[in-house]
Each structure stands twice: as structure tokens, then as C-alpha cells.
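**Student:** Pasting in a structure now, in C-alpha cells, and then I'll have a few things to ask.
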Amino acid sequence: VQLQASGGGLVQAGASPRLSCAASGRTFSGYVVAWFRQAPGKEREFVAAIKWSGSTTFYADSVKGRFTISRDNAENTVYLQMNSLKPEDTAVYYCAVGRPITSAIQSRAMYYYWGQGTLVTVSS
């Protein structure tokens with residue numbers, strides 16, 4: 001499966017951009033789709049995830065209440081709506097696909113398909 005992430009760019013603090021992750025090659029059915037991010041000089045960290053079957057969602061504490069992950073079955077696309085952006089949200093955002101158990105849903109090792117990343121830069 002190939003993942004194409006898009007929607008990044010330079011935005012001001014407080015902006016509300018939406019990232020998209022589209023899959024080609026197969027559907028997301030039966031998988032978990034997640035967003036991770038990597039800021040300069042830092043480890044890649046979990047942001048949010050959604051189970052394609054049932055739509056259960058998971059969020060990192062740092063984005064809970066500000067970011068929303070959702071899916072579009074027909075478009076085979078997952079979105080990350082980001083609200084109230086802060087400069088510390090600046091990072092390359094990656095979408096990833098895997099079949100992690102719930103207790104490991106934040107673990108990068110559980111995901112085996114990765115998109116190329118889209119850069120989000122938040123200016124203060």
C-alpha cells in the first residue's frame with residue numbers, strides 16, 4: 001500500500017489546517033491508521049490513530065481536544081483536523097498503517113506502511 005500525505009505548509013499560530021492521508025494499492029479496511037510527527041532534533045512521536053473498523057480514535061495528550069482524526073470510507077482517506085495550532089506543533093507529520101493491539105497503538109514499531117511526510121510550520 002502507498003500512502004500520500006498532504007495538507008502541510010506554513011501557518012500562523014491559532015490556524016486550523018487539515019492534513020490528508022490517501023491510500024492506494026489497497027483499502028484501510030481492517031487496519032489502524034495513525035499520524036505521527038517528528039520535530040527537528042526530536043524523536044518521531046504518536047499524534048492520533050483511528051481504527052478503520054468501528055472508528056475508535058486515540059490521541060496523544062498533547063493534542064487531545066485540539067486535533068481530530070477521521071476517515072472517509074469512499075475516498076479511502078484519513079484526515080487530521082488540527083485546531084488552535086501552536087509553534088510547538090511544528091513538525092513533519094507522517095501517516096502510517098498497521099495492526100497494533102490497543103495497548104501498543106502509540107508504538108512506531110507497530111506500523112509497517114508509512115507515508116512520505118508533510119511539513120507543518122507554525123509561526124508565532
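The values are calculated or read from the model by the stated rules, or taken from the named source; none is laboratory data. Only a predicted model underlies this, so the values are computations on that prediction, with no experimental measurement involved. Positions of Cβ are backbone-derived with ideal geometry, glycine not excepted, and every protein chain shown enters the neighbour counts. In case anyone asks, the SASA skips ligands and DNA or RNA and just uses the protein heavy atoms, side chains included. Shrake-Rupley method; radii C 1.70, N 1.55, O 1.52, S 1.80 Å.
**Student:** State the percentage of accessible surface on the stretch 1-109 attributable to carbon and sulfur atoms; use a 1.4 Å probe and exclude ligands, DNA and RNA. Write out the running numbers ahead of the final one.
**Tutor:** Details: 2360 of 5300 Å².
The nonpolar share, carbon plus sulfur, comes to 45 percent.
**Student:** Next question. When ranked by the protection proxy of mean other Cβ atoms within 10 Å per residue, highest first, what sequence do the peptides 76-82, 55-61 form?
**Tutor:** Values: 76-82: 21.4, 55-61: 13.7.
Top to bottom by mean Cβ count within 10 Å: 76-82, 55-61.
**Student:** Is the stretch 1-74 best put as rounded, prolate or oblate by its Cα gyration tensor, with a ≥ b ≥ c the root eigenvalues, rounded for a/c under 1.5, and otherwise prolate when a/b is larger than b/c, oblate when not?
**Tutor:** Prolate shape, in that a/c is at least 1.5 and a/b is the bigger ratio.
**Student:** While we're looking at this one, here's another question. What is the calculated FRET efficiency for ARG26 to SER103, with r their C-beta to C-beta distance and R₀ = 30 Å, to the nearest 0.05?
**Tutor:** 0.70
**Student:** So for each of 39-52, 86-99, 62-75 I average, over its residues, the number of other beta carbons within 10 Å; can you give me the resulting order with the highest mean first?
**Tutor:** Descending packing order for the listed peptides: 86-99, 39-52, 62-75.
**Student:** Check the straight Cα-Cα distances from LYS51 and name the aspartates and glutamates below 20 Å, setting aside those fewer than 8 residues away within the same chain.
**Tutor:** ASP61, ASP72, GLU75
**Student:** Using 0.36 nm times the number of residues separating ARG18 and GLN38, minus their current alpha carbon distance, what extension gain do you get? Please list the in-between numbers first.
**Tutor:** On the way: separation 20, 0.36 × 20 = 7.20 nm, distance 1.72 nm.
Residue separation times 0.36 nm, minus the Cα-Cα distance, leaves 5.5 nm.
**Student:** Could you give the length gained on full extension between ALA60 and GLN81, defined as 0.36 nm per residue of separation minus the Cα-Cα distance, in nm?
**Tutor:** Gain on stretching ALA60 to GLN81: 6.2 nm.
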